[in-house]
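Here the structure is laid out as structure tokens; the discussion comes afterwards.
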Amino acid sequence: MGTPSRSSYVGRFAPSPTGSLHLGSLVAAVGSFVDARKAGGRWLVRMEDLDTARVVPGCSDEILRTLEAFGLCWDGEVEYQSRRTAAYAEALESLRARNLTFECSCSRRELTHNSDTGYLGTCRAGPTSRGPTATRFRIEASAMVDFEDRVQGTCRYELGALGDPIIRRRDGAFAYQLAVVVDDAAQSVSDIVRGADLLESTAWQLQIQQALRLPRPLYGHLPLVVESKRGKLAKSRRSLAIEPALASSQLSEALCLLRHNPPPEAQQAPPAVLLEWAIGQWNLDRFHGIREFVVGTQISLV
């Protein structure tokens, strides 16, 4: 589906300041930005800096300078999750009060599956060992989630198979699945355009939203940028930082991946001009139902 024009549209881009932006993150930022501007809406930037052990000093500022160099200018103040722990604590207590959480002593090493996916419910009746615990959101075995994604179409997930997500880690830090839900509601985010690698997370987030009685945004999950060997771009050799000095050519590359190929005479135009062209042409139907953008060594700009 396209992007309806409505003044209530609020989109956002929420990078983690754990490293420089790469082509995959640029594609997500551009898709989110252009979709918001096409609707005549606002576009926010939020730093997901809760994982302090992985945060790189100065990285937040670098990301902001890079966005500016690419013409991706945000509205309002930049939000930092590290400053919002009181809001997450309040949400956690609300869930605890209704017996929607439990404490889990399982370490990653003890789990058969990843500790944030496919959890088998080992500690649902209480921690099985002493020591620090994480807090998990309780998922009913029969729970199902359905939503209509603006890019991927109808999505249906058996939450029981996904397991109980961590919402507070063993070290006391609040986890992504809780923080993102609380922040999106606090910032009145109406539309979330991001990578398809977060589709499963959306199922959890919808369930947490419902439990906290928060509004449900619209979602659009862009195809994930991967190499021809099917490795996620963020973990590949093409994950080198994008260069503000090459903003025009790299922005053109991102738009080509989004199937909005600028005309040859515009490919080296200033970023503001390229983005204005993209806003006029923008249509999510161009990659409806596609989960991956596969890239090789070179990407054609024509």
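Descriptive notes on the structure:
- Scan of segment 38-54 for residues that are in contact with a strand residue (DSSP E or B) (Cβ under 9 Å, 6 or more places away or on another chain) and of a type in the set (Val, Ile, Thr), ordered by number: 45
- Across segment 118-158, the number of residues qualifying as of a type in the set (Ser, Thr, Tyr) and assigned to a loop (DSSP other than H, G, I, E, B) comes to 6.
- Looking across 62, 77, one residue alone is without any contact (Cβ under 8 Å) to a residue 24 or more places away in the chain, surrounded by fewer than 19 Cβ atoms within 10 Å (Cβ to Cβ) and either part of a loop (DSSP other than H, G, I, E, B) or out of contact with any strand residue (DSSP E or B) (no Cβ under 6 Å at 6 or more places or on another chain) (or both). It is 77.
- Any hit, segment 117-140, residues being outside the structural domain of residue 223 (by TED's automatic domain parsing), within 18 Å of the chain's Cα centre (by Cα) and aromatic (Phe, Trp, Tyr): no
- Candidate set from segment 186-201 (those that are farther than 14 Å from residue 143 by Cβ and assigned to a helix (DSSP H, G or I)); member that is nearest to the chain's Cα centre (by Cα): 198
- Residue match in segment 159-176 (condition: assigned to a helix (DSSP H, G or I) and under 15 Å from the mean Cα position of the chain (by Cα)): yes
- Search result, residues across segment 65-74 that are hydrophobic (A, V, I, L, M, F, W, C), surrounded by fewer than 18 Cβ atoms within 10 Å (Cβ to Cβ) and touching a residue at least 40 places away in the same chain (Cβ under 8 Å): 69
- Residue 183 modelled with pLDDT under 95, closer than 24 Å to residue 15 by Cα and buried (at least 17 other Cβ atoms within 10 Å of the Cβ): no
The values are calculated or read from the model by the stated rules, or taken from the named source; none is laboratory data. Note that this is a predicted model, so its numbers are computed, not measured. In this analysis, Cβ positions are derived from the backbone assuming ideal geometry, glycine residues included, and neighbour counts consider all displayed protein chains.
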